[in-house]
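Engineer: There's a structure below that I have some questions on.
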Amino acid sequence: MKISATIQTLALASLLALTPADMLAAKKGGTFTTGNKTFLLNGKPFIVKAAELHYPRIPRAYWEHRIKMCKALGMNTVCLYVFWNIHEQQEGKFDFTGNNDVAEFCRLCQKNGMYVIVRPGPYVCAEWEMGGLPWWLLKKKDIRLREQDPYFMERVKIFEKKVGEQLAPLTIQNGGPIIMVQVENEYGSYGKDKPYVSAIRDIVRQSGFDKVTLFQCDWSSNFLNNGLDDLTWTMNFGTGANIDNQFKRLGEVRPHAPKMCSEFWSGWFDKWGARHETRPAKDMVEGIDEMLSKGISFSLYMTHGGTSFGHWAGANSPGFQPDVTSYDYDAPINEYGQATPKYYELQKTMAKYNDGKKLPAIPKAPKPLVSIPKFKLTEYRPLLSGVSTQKESHQPLCFEDMNMGWGTMVYTAPLPVVQSPSTLIGEFHDFAQVFINDKYIGKIDRVKNEKNLELPPITEGSKLTIIVEGMGRINFGRAIKDYKGIIGNVTISTSDETSDIALTPTKWTNQTIPDDYGTAAQTFAAPQNKKASLKTTAGYYRGYFNMNKVGDTFINMEAFGKGQVYVNGHAIGRFWGIGPQQTLYLPGCWLKKGKNEVIVLDVVGPKGEATAFCQNKPELDKLNLEKSNKHNDPGHRIDLNSATPVLKGELKAGNGWQTLKLDTPVKGRYFAIECESSQSGDPQIAIAEVYLQDAQGTRIDRNNWVAYYADSEKGNSTLDKMFDLQESTYWQTEKGATFPHLCIVDMGKEVTVSAFEYLPRAEQGAPGSVKEFKLFVR
Ligand code: GLA
């Protein structure tokens, strides 16, 4: 069948709501292919309306409810990642049971009349620890992740084979619900390496996905970098984006290809220390409406985000920006599975494209919402009672050296005598607390880019103790090779009038405290431990609450400092007083009538009495920062009046990247952009991304860049968003702030700059785009 006009595609597409006969056909074995400007399901045009759901982010008992919620929203497909590191937590030991039973999740989708798109990585990003890669890969110190490193590829092959054993029998050709399988994930934002992506494609094929349609997802700005001729190409972009523009390039290079937005971001994720993210319902609904009216397939990322339980939340870079436990994502179905106002709005639009048929009723929540009055966690064990292994060394060892994936390490070393105040310098991943002779001196927080701490004079026989808690490994960009603990040497630097001496402690004791329930519970099996010498209230707290009526609830952690919570043996997630998340989701299916056990591992210690209570709604937006996260310290504003710009001129209007070359390359560590006018005349400006090119015309690595100064920043649209690798987020000035706008970035070291690359916002008309500007490098 040859269909040339979009209108014809649409007419046929409207016939596509799934009928029991279709599903029966699928059971017998069917096909899903790409036709002329449309996907073809069993030979008939088909528009994919996919809901992204992540099985480990939903308790298994609630899987079916969440799938039904998506169905009632008008979706016909579920899109999911397979998370390598949750299935192979130890090298060679695979687990596809219980909450990891991804095949059962797919079967439940099929049972409920939903097709499935599988994205088996190996890398998935997803704000998930190390982007889904197992931490133990890092034991090979020179490993090249997501490249053709022999060890990496060997392990990928083994993992994908296991995925194939689970899921290949469930492809549509075999009578299952899986219609498409993804190869790698947004490789364009990592590198340019077609041989690697081809090798992953081959591994996926050889794992049993040899007949099913394979695809690659990327951004419109970079999909051609790694696009393989024999794969289907899909685009990822956020709500509000100019949709025609996002598919323009694809239309030019593959005029007959079906269009699909494989990640249409409904909201966004939250990070510790920044405000809760939201995105307007209107933008999401209008975008979906536009796509459906044009016959464009989509996957709504996330339709239901759920929770990154335990230590599974990842972190973003540049810098270190760990993600919170909740993955609510401001999605239409909230973290605990309920329909939000966004859901109802979207449902109205989806109903228009359901072939005139009524959408199924919204299923009843499996459990009611309940609250629990305040209770005390009276049992206490000091942090050191959780120590599981110990090693001596000359230089501090990292978690990976100690064969520990997640948790906290305690480092001790004898100190030299230092009569004057000195500075402790090192690389601590991620949150370090420093003690001398068991007395607390201060903290070194990677989130704040801290690398040193002032020490008081050190007397003879003094002992240094550093507690380093690891948070989620970075999941995006080159920084995913993210070791935990102390990285490299720790030095003590002292400057007196005559000399500057650097002292390096060389006799270290390294102790591990894994953050798992087994370790936590075990501390209470023994009587109070005498090792409790640190002057801190950090440690394990145990208490109980009673339930008459079992339901979903949210445990409020505001009395505590920072750490992990376990309820009835389930790892619930990380908390941190700085917020914005102050409560953790306790799914009712993990609770019981009568007595429920709560253990809190607090690496900092509660502020006062160790108490908690449970409320019937979450608190996801309460920040408690010592200092604002804005970058407008007046001391950082430089006077540019006498400086000469290295580049000045006018940027063009409209979406897309623009590159401007300097007359002659210049050297400097800082760059500043002064924005003097905008395309619309409105002084509220926005910049999505900026790159600088080096003397060879290559993009300068932005991993060490730090936002230094911005005259104005609106909400979470802080300056760091201008170089966060995410084209859908941006630096934006506040309404009412006037021209000129100035931002300054510290590049961490001196570089040579030959060109400036600028990307305005991705929305139609590129709102806030800059016109006249000056660039300074110093
Ligand atoms: C990208 C990735 C996803 C996720 C989103 C942001 O599109 O492919 O895994 O990280 O960004 O939520």
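Engineer: Given the residues Tyr123, Tyr151, which is the only one that is modelled with pLDDT of 95 or more and either open to solvent by less than 10 Å² (accessible area, probe 1.4 Å) or not assigned by TED's automatic domain parsing to the domain that holds Tyr190 (or both)?
Structural biologist: Details: Tyr151 fails: either open to solvent by less than 10 Å² (accessible area, probe 1.4 Å) or not assigned by TED's automatic domain parsing to the domain that holds Tyr190 (or both).
Answer to the check: Tyr123.
Engineer: Is it the case, given these coordinates, that Cys79 is buried (at least 20 other Cβ atoms within 10 Å of the Cβ) and more than 16 Å from the ligand (Cβ to nearest atom)?
Structural biologist: So Cys79 fails the test.
Engineer: Every residue in segment 192-203 that is within 23 Å of the chain's Cα centre (by Cα) and either within 15 Å of the ligand (Cβ to nearest atom) or buried (at least 21 other Cβ atoms within 10 Å of the Cβ) (or both), please.
Structural biologist: Passing the criteria: Val197, Ile200.
Engineer: Still on this structure: Mind counting the residues in segment 724-751 that are crowded, with 21+ Cβ neighbours inside 10 Å and within 16 Å of the ligand (Cβ to nearest atom)?
Structural biologist: 5
Engineer: Restricting attention to segment 94-136, which residues are of a type in the set (Gly, Ala, Ser), assigned to a helix (DSSP H, G or I) and away from the ligand (no atom under 16 Å from the Cβ)?
Structural biologist: Gly98, Ala103
Engineer: Under the condition of being hydroxyl-bearing (Ser, Thr, Tyr) and at pLDDT below 90, which residue from segment 498-515 is farthest from Gly426 (Cα to Cα)?
Structural biologist: It comes out as Thr498.
Engineer: In segment 597-621, what residues are touching a His at 6+ places or on another chain (Cβ under 6 Å) and crowded, with 18+ Cβ neighbours inside 10 Å?
Structural biologist: Passing the criteria: only Leu620.
Engineer: When you go through Asp720, Asp711 one by one, which is the residue that is open to solvent by 10 Å² or more (accessible area, probe 1.4 Å) and within 15 Å of Gly319 (Cβ to Cβ)?
Structural biologist: Asp720
Engineer: Only one of Gln206, Gln182 is within 16 Å of the ligand (Cβ to nearest atom) and closer than 19 Å to Glu160 by Cα; which?
Structural biologist: Among Gln206, Gln182, only Gln182 is within 16 Å of the ligand (Cβ to nearest atom) and closer than 19 Å to Glu160 by Cα.
Engineer: Scan segment 752-778 residue by residue and report those that are in a strand (DSSP E or B), at pLDDT 95 or above and more than 12 Å from Glu674 (Cα to Cα).
Structural biologist: Passing the criteria: Thr752, Val753, Ser754, Ala755, Phe756, Glu757, Tyr758, Leu759.
The values are calculated or read from the model by the stated rules, or taken from the named source; none is laboratory data. Owing to the predicted nature of the structure, the values given are computational and were not obtained by experimental measurement. Note that each Cβ is placed from the backbone with ideal geometry, even for glycine, and that neighbours are counted across all protein chains shown. With ligands, DNA and RNA removed, areas are computed over all heavy atoms of the protein, side chains included. Shrake-Rupley method; radii C 1.70, N 1.55, O 1.52, S 1.80 Å.
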